[in-house]
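A short write-up of the structure that comes next.
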Amino acid sequence: MPASPVGCRRACLTPASAPSYYPRLFADYRFLQATVAPKLITDLIADDMQAVDAVIRERLASDVVLIRQVAEYIISSGGKRLRPALLALVAGACGYQGRAHHQLAAVVEFIHTATLLHDDVVDDSGMRRGRATANAAFGNPASVLVGDFLYSRAFQMMVEVDNMRVMEVLADATNTIAEGEVLQLLNIHNIETTEDDYLRVVRSKTAKLFEAAGRLGAIIAGVTAQLEEALAAYGSHIGTAFQLVDDILDYSGELENTGKNIGDDLAEGKVTLPLIFALRNAAPKQQDLIRKAIYEPAESDLHRVVVSVRDCGALDYARAQAETESGIAKNMIAALPNSKYRDCLLELAAFAVIRNY
């Protein structure tokens, strides 16, 4: 086999192992089928998602083969595609009739994908969604540089929309996400991390792009400033709830559902809400065990830590916080007129808490 380009850790995907280029990005609606009737999904967002897929296919095009390979690898990896769907649902709930939401949904997905590429390099992750991360398959240099390509392509596309408010929202979101990444890095292996510290990271790193998706759907629909703020807040609280549940699943999920092993975040030294609660409320011996695991995860019995976190009620506490975020999100869209789009947004808020993947 020829040498891997750009210092790839492994050879780039061969035709036999590579996914076919540009499959229907939203063919898998598993994330909504758990709570919303398939017909409602088909009627409401299938056409929009196909249009977003067409934009993504077109704008991923590059003469550089490695860019196409890496970008396609992660974009086709089975993610929930929540942010683009959220933008489309908000636009529909606000009565938008144009097509700009397709371009903006693709921009949001490109920004999200770029953050995943960079995240996995920073975390030295080897698995995401049940298969090798892009950096494991192609190497760190390729992942970082293709992430940069996706960021820059996203900014090209947002300029094309020719709306200063849109550019302001996306530029602000991208900057806030980067700040959240740095804040999370500072909290690695830090047992002094507080719940407020944790939530600041979540609202910056994860919830901000959900917030932007909600706000963008409102902006292009031309709603009032008050409703725009409410829909942005809906997105932020939904994003926070999703991250809280992700952190719960790190101690309770199953590999076939979550695509990662229990305790992976702990093994990376990430101090999430379940750990923060356990450090305050577990028995003294369990607290000592958890502190050691945060400092030196490779030298610790992670299974015992996971049991300690479960036994002290940390997961129940974190889920209660996720339910609170979901409830606030539902309240934020009370002013929307009754419609199937609004119903779907309510269902999405409920799904954020009950999901197991």
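The values are calculated or read from the model by the stated rules, or taken from the named source; none is laboratory data. What you are looking at is a predicted structure, and each value in this text was computed from that prediction instead of being measured. Positions of Cβ are backbone-derived with ideal geometry, glycine not excepted, and every protein chain shown enters the neighbour counts.
Restricting attention to the stretch 45-76 and to residues that are part of a helix (DSSP H, G or I) and charged (D, E, K, R), the residue that is surrounded by the fewest Cβ atoms within 10 Å (Cβ to Cβ) turns out to be Glu58. Listed by first and then second residue, the pairs with beta-carbon distance under 7 Å, at least 6 apart or on different chains, first residue in the stretch 46-65 and under 23 Å from Leu89 (Cα atoms), second charged (D, E, K, R) and assigned to a helix (DSSP H, G or I), are Ile56/Glu109; Arg59/Arg153.
Okay, residues lined up against (1) surrounded by 13 or more Cβ atoms within 10 Å (Cβ to Cβ); (2) at positive phi; (3) of a type in the set (Ser, Thr, Tyr):
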residue	(1), (2), (3)
Asp162	no, yes, no
Arg165	yes, no, no
His189	yes, yes, no
Asp196	no, no, no
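The set of residues in the stretch 110-123 that are without any contact (Cβ under 8 Å) to a residue 60 or more places away in the chain and acidic (Asp, Glu) contains only Asp120.
The set of residues in the stretch 135-169 being touching a residue at least 60 places away in the same chain (Cβ under 8 Å), of a type in the set (A, V, I, L, M) and assigned to a helix (DSSP H, G or I) consists of Ala136, Ala137, Ala142, Leu145, Val146, Leu150, Met157, Val166. Selection of first residues in the stretch 317-332 that are in a helix (DSSP H, G or I) and of second residues that are surrounded by fewer than 23 Cβ atoms within 10 Å (Cβ to Cβ) and not aliphatic (A, V, I, L, M), restricted to Cβ pairs under 6 Å at least 6 apart or on distinct chains, gives the following pairs, ordered by first then second residue: Tyr317/Phe277.
Taking the stretch 170-252 as the region of interest, the helices (runs of 4 or more DSSP H) fully inside it that hold 3 or more residues being under 22 Å from Val122 (Cα atoms) and among the basic types (Lys, Arg) are 195-205. In the set (1) over 30 Å from Arg215 (Cα atoms); (2) more than 24 Å from the chain's Cα centre (by Cα); (3) at pLDDT 95 or above; (4) crowded, with 17+ Cβ neighbours inside 10 Å, Leu315 fails one condition alone, (2).
Evaluated against (1) among the hydrophobic types (A, V, I, L, M, F, W, C); (2) closer than 29 Å to Ala46 by Cα; (3) in contact with a helix residue (DSSP H, G or I) (Cβ under 8 Å, 6 or more places away or on another chain), Ala132 falls short on exactly one condition, (3). Within the stretch 95-154, if we keep just the residues that are over 18 Å from the mean Cα position of the chain (by Cα) and among the hydroxyl-bearing types (Ser, Thr, Tyr), the residue that is surrounded by the fewest Cβ atoms within 10 Å (Cβ to Cβ) turns out to be Ser152.
Among the residues that make up the stretch 292-302, is at least one of them among the basic types (Lys, Arg), outside any helix (DSSP H, G or I) and surrounded by 15 or more Cβ atoms within 10 Å (Cβ to Cβ)?
First pass over the stretch 292-302, keeping only residues among the basic types (Lys, Arg): 292.
Next, from what is left, pick out any that are outside any helix (DSSP H, G or I): none.
No, there is no match, as no residue in the stretch 292-302 is among the basic types (Lys, Arg), outside any helix (DSSP H, G or I) and surrounded by 15 or more Cβ atoms within 10 Å (Cβ to Cβ).
Among the residues of the stretch 114-169, those identified as charged (D, E, K, R) and over 24 Å from Leu183 (Cβ atoms) are Arg129, Arg131, Arg153, Glu160, Asp162, Arg165.
Rundown of residues vs (1) aliphatic (A, V, I, L, M); (2) crowded, with 18+ Cβ neighbours inside 10 Å; (3) touching a Lys or Arg at 6+ places or on another chain (Cβ under 8 Å); (4) modelled with pLDDT of 95 or more, yes/no style:
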| site | (1), (2), (3), (4) |
| --- | --- |
| Ala213 | yes, yes, yes, yes |
| Ile220 | yes, yes, no, yes |
| Gly239 | no, yes, yes, yes |
| Glu254 | no, no, no, no |
| Asn257 | no, no, no, no |
| Leu266 | yes, yes, no, no |
| Ile276 | yes, yes, no, yes |
| Asn281 | no, no, no, yes |
